[in-house]
Amino acid sequence: MSVTQQSLSQQAIDLENKYGAHNYHPLPVVLNRGEGVYVWDVEGKKYYDFLSAYSAVNQGHCHPAIVDAMMKQAKTLSLTSRAFHNDILGKYEKYASEYFNFDKILPMNTGAEAVETALKICRRWAYEVKGIDENEAEIIVCENNFHGRTTTIISFSNDAVARKNFGPYTDGFIKIEYDNLEALQTTLENNPNVAGFLVEPIQGEAGVFVPSEGYLKKAKALCEKHNVLFIADEVQTGIARTGRLLATCGDCTCEKKDCSGTPEVKPDILILGKAMSGGAYPVSAVLANDSIMNVITPGSHGSTFGGNPIAAAVAMAALNVVKDESLAENAYILGELFRSKMNEYIATSSICKLVRGKGLLNAIVINDTEESDTAWNICLKLRDNGLLAKPTHGNIIRFAPPLVMTEAELLDCVSIICTTLKEFEI
Ligand SMILES: *Cc1c(COP(=O)(O)O)cnc(C)c1O
């Protein structure tokens, strides 16, 4: 790296540091181009993207079909607000509802907004359908959850950094251990005012924790028994990431890997975001059937940009790519390959303890403490070796490349990762 080249990156980093709030701690790399599974830095160095913007770019960077749809709509009509109808929102709502097999969709923009929307729908349903006394509804959530950054959402987080000095917090949530059916059962039995159970099918930010086989299915059955809504936050796990269209298909017994929206564990409320747009635009959504969604009435909820024409066009194109290019099937096959290759390496490794995940949502656990900076240092070396990833904790690195990857590219990445890990072997 020459002196001038180095200063290009440094200039961009300095600008962010001086004029931007310090709410992130990015890996020191400055990108200015992306295509498919690759991104390039301002010095022209090429990298494999192994984060995919936290699984927003499942369809790959700047997918031509998505970019085309976006440009076409941007030149025609970008925003009407929901004060007026437009000619594309209904088409998108029909497309997405049928795609995920629900009666209705409520379009929003960010993941956190969609989670908030789901919580509001659940509370209304509690009072107007289930018959819980007003202001008494409780929603069960899991320890170590990540559902976004709003005041209400951090109220039921147990991440000290995300919560500190942001109180007072919102009431009405009960936290139980993840992947613990007994805790769920006891809580349901002891609390008649429970209206919903909000859960990530795999806990992504916590470090890619995959629950035990059958957990989701049994949790759903318990919810049904107690007339409680099962709310799946698939913002990160959805849209083919885990080798199925939705991760709530995880317990699915059907042979077809791309099971096109007919999950075995069907949530009452489904929350989507991130890859809804393939990373081109902020698009999120809540899906439910009429008996639940119809508690939302004019004026009770809204968003200026929610379901805007560009978002509608982009989301239809992005969802079409997922089917068209069999991304769920590809994620399934490459995920199996990735974990088997990593396990071969781990068998003789002292620095890497294990690999876990589903499809192309995986993590490796480094043989060090959560407070250590080993995972960070490994990510810096991975960057030097041409692959970008980020730790979720001091000792956990998430690996989530775009799903448009080929087998040859994946094997190349495995080789970069193993070569890098070797430099850290004790
Ligand atoms: C990213 C994420 C969110 C929040 O999405 P934003 O678009 O950042 O608001 C919510 N839930 C899960 C599981 C996520 O991974």
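Just so it is clear, none of the values below were taken in a lab; they were calculated from the coordinates. What you see is a predicted model, and the numbers here were worked out from it, not measured in a lab. Glycine also receives a Cβ, built like all others from the backbone with ideal geometry; neighbour counts cover every protein chain displayed.
Overview of results
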{"quantity": "Whole-Hz ³J(HN,Hα) from phi, Karplus 6.51 cos²θ - 1.76 cosθ + 1.60, for the range 210-223, glycine and proline x", "calculated": "8, x, 4, 3, x, 4, 5, 5, 6, 5, 4, 5, 4, 4"}
{"quantity": "Percent of beta bridges antiparallel (DSSP, the range 134-246, rounded to nearest 5)", "calculated": "10"}
{"quantity": "Subset of LYS18/LYS75; LYS72/LYS274; LYS217/LYS323; LYS18/LYS341; LYS72/LYS220; LYS266/LYS381 violating a 31 Å alpha-carbon distance limit", "calculated": "LYS18/LYS75; LYS18/LYS341; LYS72/LYS220; LYS266/LYS381"}
{"quantity": "Calculated Rg and Dmax of the range 64-324 using C-alpha coordinates, Å", "calculated": "17.9, 56"}
{"quantity": "Using θ = phi - 60° and Karplus 6.51 cos²θ - 1.76 cosθ + 1.60, couplings along the range 266-271 (whole Hz; Gly, Pro as x)", "calculated": "8, x, 6, 10, 10, 10"}
{"quantity": "Rounded Å value of the spacing that divides the Cα centres of the range 115-183 and the range 314-375", "calculated": "29"}
{"quantity": "Crossing angle, helix 111-125 versus the chain [Cα axis fit, 0-90 degrees, rounded to tens]", "calculated": "20"}
{"quantity": "Sparsely packed GluC sites (Glu not before Pro) within the range 318-426, loop by DSSP, other Cβ within 10 Å at most 13", "calculated": "GLU370, GLU371, GLU423, GLU425"}
{"quantity": "Contour minus Cα-Cα distance for SER326 and GLU136 (0.36 nm per residue)", "calculated": "63.9 nm"}
{"quantity": "Reachable aspartates and glutamates from LYS130, criterion Cα separation under 13 angstrom, eight or more residues apart if same chain", "calculated": "GLU138, GLU224"}
{"quantity": "Relative contact order for the chain, counting Cα pairs under 8 Å that sit 6 or more residues apart, in percent", "calculated": "22"}
{"quantity": "Burial ranking of peptide ranges 377-384, 348-355 (average Cβ count within 10 Å, highest at the top)", "calculated": "377-384, 348-355"}
{"quantity": "Listed peptides 135-144, 156-165, 278-287 by packing density, highest first (mean Cβ within 10 Å)", "calculated": "278-287, 135-144, 156-165"}
{"quantity": "Sequence-distant aspartates and glutamates (8 or more away, or on other chains) whose Cα lies within less than 18 Å of LYS422", "calculated": "GLU344, ASP368, ASP373, ASP384, ASP412"}
{"quantity": "Relative exposure of LEU15, LEU51, judged by other C-beta atoms within 10 Å (fewest first)", "calculated": "LEU15, LEU51"}
{"quantity": "Dipole magnitude of the range 186-344 about its Cα centre (Cβ charges: Lys, Arg +1; Asp, Glu -1), debye to nearest 20", "calculated": "40"}
{"quantity": "Angle in degrees between helix 89-100 and the longest Cα principal axis of the chain, rounded to the nearest 10", "calculated": "80"}
{"quantity": "Share, in percent, of DSSP beta bridges within the range 64-324 that are antiparallel, nearest 5", "calculated": "40"}
{"quantity": "Crossing angle, helix 407-422 versus the chain [Cα axis fit, 0-90 degrees, rounded to tens]", "calculated": "70"}
